[in-house]
Amino acid sequence: MSIQSLLKLRKETGKVPPAIWVVIGQVPARLKDLPDCIHVSFGSFPEDWRPIVGLHVDVFDLADSDYLLSKTLEAIEAAKPKSVGVVSHRGVMGLSEQHEAVMRRIWRHLGTA
C-alpha cells in the first residue's frame, strides 16, 4: 500500500485499516502486497503523511539507517497518528510489554532478527 492508496481508501469508502505497518528499507517479497503495509526507502519517501492521522502505526526499520528512521518518525509524528510502535536494530518501543513482544515476533518473521 502507498500513502496515496490509503488516502484514496479513506476518501472513497471512509474506511481505514486498524493499523498500518511502515517498513523502512528492502521489503521481503512476501510482504510487498500486504494491504496495510507502507514501504519507505531512500527513493520512495512519501511527501504527505496525513492519511495516517488517527491510526496506529508500527514502524519496522530494516534499513538500519538512523537518518531514514529519524526522517520517517518525524513525518509520522507530525501527522498525529493514534499511536506508534518502533522496531529497529537498536531496540523496540511499543504501547506495552505485550505489544513489544508481538513486534519482536513480527521482526523475527521478517527475517531480520
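The values are calculated or read from the model by the stated rules, or taken from the named source; none is laboratory data. Quick caveat: nothing in here was measured; it's all calculated off a predicted structure. Neighbour counts are summed over all protein chains in view; Cβ atoms, including those assigned to glycine, are modelled from backbone coordinates with ideal geometry.
So the values come out like this:
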| item | result |
| --- | --- |
| Criterion violated by Asp48 - all others in (1) outside any helix (DSSP H, G or I); (2) without any contact (Cβ under 8 Å) to a residue 40 or more places away in the chain; (3) out of contact with any strand residue (DSSP E or B) (no Cβ under 7 Å at 6 or more places or on another chain); (4) not aromatic (Phe, Trp, Tyr) satisfied | (2) |
| Matching residues, the stretch 66-101, being basic (Lys, Arg) and farther than 18 Å from Gly43 by Cα | Lys80, Lys82, Arg90 |
| Selected residue (only one of Asp33, Asp64 is in contact with a Ser or Thr (Cβ under 9 Å, 6 or more places away or on another chain), under 23 Å from His109 (Cβ atoms) and assigned to a loop (DSSP other than H, G, I, E, B)) | Asp64 |
| So Glu47, is it acidic (Asp, Glu) and more than 13 Å from the chain's Cα centre (by Cα) | yes |
| Selection from the stretch 1-36 of residues that are under 15 Å from Pro81 (Cα atoms) and surrounded by 12 or more Cβ atoms within 10 Å (Cβ to Cβ) | Ile3, Leu6, Leu7, Arg10, Val16, Pro17, Ala19, Ile20, Trp21, Val22, Asp36 |
| Any pair with Cβ under 7 angstrom, 6 or more apart, that starts in the stretch 1-12 at a residue that is more than 14 Å from Ala79 (Cβ to Cβ) and at pLDDT below 85 and ends at one that is among the acidic types (Asp, Glu) and not in a helix (DSSP H, G or I) | Met1/Asp36 |
| Residues of the stretch 79-98 that turn out to be in a loop (DSSP other than H, G, I, E, B) and touching a strand residue (DSSP E or B) at 6+ places or on another chain (Cβ under 9 Å), as a count | 7 |
| Candidates Ile76, Ile106, filtered to the one that is on the phi < 0 side of the Ramachandran plot, outside any strand (DSSP E or B) and modelled with pLDDT under 85 | Ile106 |
| Boolean, Asp58 is within 19 Å of Met1 (Cβ to Cβ), assigned to a loop (DSSP other than H, G, I, E, B) and at pLDDT 85 or above | no |
| Test: Leu69 is among the aliphatic types (A, V, I, L, M), touching a residue at least 40 places away in the same chain (Cβ under 8 Å) and farther than 22 Å from Arg10 by Cα | yes |
| Complete set of residues in the stretch 3-44 that are within 11 Å of the chain's Cα centre (by Cα) and acidic (Asp, Glu) | Asp36 |
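Condition check ((1) among the aliphatic types (A, V, I, L, M); (2) surrounded by 12 or more Cβ atoms within 10 Å (Cβ to Cβ)) across all residues:
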{"position": "Ile76", "(1), (2)": "yes, yes"}
{"position": "Lys80", "(1), (2)": "no, yes"}
{"position": "Gly91", "(1), (2)": "no, no"}
{"position": "Gln98", "(1), (2)": "no, no"}
{"position": "Val102", "(1), (2)": "yes, yes"}
{"position": "Arg108", "(1), (2)": "no, no"}
